[in-house]
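Only one structure is covered here, and it is reproduced in the block below.
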Amino acid sequence: MPIVEISKIQVRRGQENQTGIPRLDPGEFAWAEDTQNLYIGKRVAEGANTDENARILTDKDLGTVFRLAQAGVFAINSSTAYQYKAEKAILGVIASTTQTYSIKLDNTVSITDFTSTWIYSSGTDITLLLQKTIGTANNPYGVMINKGPDDPDRVTADAIHIPAGYFSISDTITLPPNTKIVGAGSGLTFLNAVNNVPVFQTVDKVWDEIHQIWITNTFYGMRGDTLATPPKNIHLEGMSIIGSSNTPLVRLDNVSNADVLNVNFGDPLATTSTNATGIAIRGFNVNYGQETAALSSNIRIDNCNFNGLDNAVYQNTGTTDRFYIQNSKFSNMNKGVEMWSTFNAPGPVNGTIENNMFERIAREAIYIGTATNTTTNAFVFSSNNTFRDVGNNFSGDAGRQVTPIITFNNSSNRSVDDYFNRLTLPMNTVTNYPAIVGPATIDSSINYAALIGSNTGTEYTIANFALGNREQLVEINYTMIDEGNSVFSRTGQVTLNITPANTSTGEQVFASASDMFNYAELLPFSSNFVLFSTNYTNHTASNYVSLTCWNQLGYDTTSTGLALSTLTNFKIAYQYNILQ
């Protein structure tokens, strides 16, 4: 702004409450002695917006500014209107409506809202604070357990947030119906169980009309009648739960619609198993025998990490109908997913276990049902999982096997495109457990390679199939290529029928192989001189049957036009489907 002229600063003085403030010349000051207000003149002719005097704020206005700010905060918290993307709503782009800022802010609740002395310190015990935020029977005025069922104030936030930090949990946090707890992230919010108790446990909720309070019941006290609200709509997300005791870190009892998302269980630095269980599921109240009314159902475990535990997911009571375990990692533990029931209940049914990584699992990665209490048509599907160093007691895939990778004691189960690293290694005398034991279908499109040497009359082992306790039908789809001479290619399916030994009748192991194939060849009959057979001489000591291949190209050099010296290895890739 260019300066035209500076001659002197004129300051007029007077009493504002007596004579008022006259219209000042442009740049002229006026000081009101009685109100201590300072004014300056301006004119539209010189570019101002009006000819009215402008008041200049001074230090005496500082207190007023803070009072205005405080009043504004109070107004926002009580009645100030808020509308989501108001400018879009005015134009009719969206249909949002108005509410108050207080309602908007109260939609997000943190445990820090329930204490006036929040100061984070590593290891702080937040048990009472978190339970107070949720609510209990003794203190029903939390976010999830609040006033009576007919009280309009009982509607509250949809989630409770735990900030980032490392916190201790000294007693079990009970989760009534419709509880949602969200941490800052699995690598930011840590909950450490310092006592031999679960960190979280689901409870039901019953309104006591006489005492006008909510009553919550754990597993053995759950009502299971029409007056009780069973555990449902439970949500845990974005945290790490640590503990090394022999109790579960999370108990899901009689729960329906439960989500456990982006949660780490166990010590992330552990390199071997402990006695702790990640998630324990129980399906009905044993005392009341309400198997149907209180089964667990629709449980989703997604993007979680289980490390250094005894079991990741464990059930030994009642029924779990519809469970989904996906996109998670299981490592350094005794067993991965173990679900069955000792009582007269179906146990796990209609489950999907997919897109997971199982690594360094001492025994089975997946164990479904018991040998004595089996379920017909359990329909548990294992799909697109990867299994490395499983069932070997931490000895590596080439080490001594102690269990199968998957055990299905119930029927009508299926493995689809699971990758078993054990099968990519040379099969030898330590191979004595099948990848899957029990009634199941294994359907794999993953290719494995084997080589057929050039020596005629030599029996080459293509694959070994460990013996189970049931008959096996193995269908191997293969592609065979003469890599050295490129005189033919062949695709087909080998079918193996394997009958295990029966010690009670004295029947021995029996196996047969049949082959149907298509081919393309440059030399007549060259594709017919590779034959499949079986070898079960190792079934006694090593418990497997071998699929073998005989290379007979050298038997008739006249018809094939090939000499033995020109033969090279053949390559076969196979996928298999085992019906047990």
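The values are calculated or read from the model by the stated rules, or taken from the named source; none is laboratory data. Keep in mind the model is a prediction, meaning the values are calculated, not measured. Note that each Cβ is placed from the backbone with ideal geometry, even for glycine, and that neighbours are counted across all protein chains shown.
Residue by residue through segment 106-136, note down the ones that are among the polar types (S, T, N, Q) and outside any helix (DSSP H, G or I).
If we filter segment 106-136 for residues that are among the polar types (S, T, N, Q), which is where we start, we get 107-108, 110, 112, 115-117, 121-122, 124, 127, 131, 133, 136.
If the condition is that a residue be among the polar types (S, T, N, Q) and outside any helix (DSSP H, G or I), then Asn107, Thr108, Ser110, Thr115, Ser116, Thr117, Ser121, Ser122, Thr124, Thr136 are the ones that fit.
Looking at segment 488-503, is at least one residue among the polar types (S, T, N, Q), within 48 Å of the chain's Cα centre (by Cα), modelled with pLDDT under 80 and assigned by TED's automatic domain parsing to the domain that holds Gln552?
Applying the first criterion (among the polar types (S, T, N, Q)) to segment 488-503 yields 489, 491, 493, 495, 497, 499, 502-503.
Among the residues that remain, those that are also within 48 Å of the chain's Cα centre (by Cα) are: 489, 491, 493, 495, 497, 499, 502-503.
With modelled with pLDDT under 80 added as a condition, the list becomes 502-503.
Narrowing the set further to residues that are assigned by TED's automatic domain parsing to the domain that holds Gln552 leaves 502-503.
Taking every residue of segment 488-503 in turn, at least one turns out to be among the polar types (S, T, N, Q), within 48 Å of the chain's Cα centre (by Cα), modelled with pLDDT under 80 and assigned by TED's automatic domain parsing to the domain that holds Gln552.
If you go through segment 226-275 one residue at a time, how many are crowded, with 24+ Cβ neighbours inside 10 Å, more than 11 Å from Phe200 (Cβ to Cβ) and either of a type in the set (Phe, Trp, Tyr) or in contact with a His (Cβ under 8 Å, 6 or more places away or on another chain) (or both)?
Count: 1.
Tell me which of these Asn332 doesn't satisfy, since it passes every other one: (1) in contact (Cβ under 8 Å) with a residue 60 or more places away in the chain; (2) outside the structural domain of Ser256 (by TED's automatic domain parsing); (3) within 22 Å of Ser273 (Cβ to Cβ).
Condition not satisfied by Asn332: (2).
Check every one of the strands (runs of 3 or more DSSP E) wholly within segment 386-478 and list those with 2 or more residues that are out of contact with any helix residue (DSSP H, G or I) (no Cβ under 8 Å at 6 or more places or on another chain) and farther than 21 Å from Lys335 by Cα. Outline the logic, then answer.
On the way: elements: 386-390, 406-408, 413-416, 440-443, 448-452, 459-466.
Fully inside segment 386-478 and qualifying: 440-443, 448-452, 459-466.
Take Gln472 and decide whether it is within 14 Å of Tyr544 (Cα to Cα), surrounded by fewer than 22 Cβ atoms within 10 Å (Cβ to Cβ) and touching a Phe, Trp or Tyr at 6+ places or on another chain (Cβ under 6 Å).
On the way: within 14 Å of Tyr544 (Cα to Cα): yes; surrounded by fewer than 22 Cβ atoms within 10 Å (Cβ to Cβ): yes; touching a Phe, Trp or Tyr at 6+ places or on another chain (Cβ under 6 Å): no.
Spelling it out, it is not the case that Gln472 is within 14 Å of Tyr544 (Cα to Cα), surrounded by fewer than 22 Cβ atoms within 10 Å (Cβ to Cβ) and touching a Phe, Trp or Tyr at 6+ places or on another chain (Cβ under 6 Å).
Condition first: surrounded by 15 or more Cβ atoms within 10 Å (Cβ to Cβ) and assigned to a loop (DSSP other than H, G, I, E, B). Now tell me which residues in segment 28-42 satisfy that.
Glu28, Lys42 - these are the residues of segment 28-42 that are surrounded by 15 or more Cβ atoms within 10 Å (Cβ to Cβ) and assigned to a loop (DSSP other than H, G, I, E, B).
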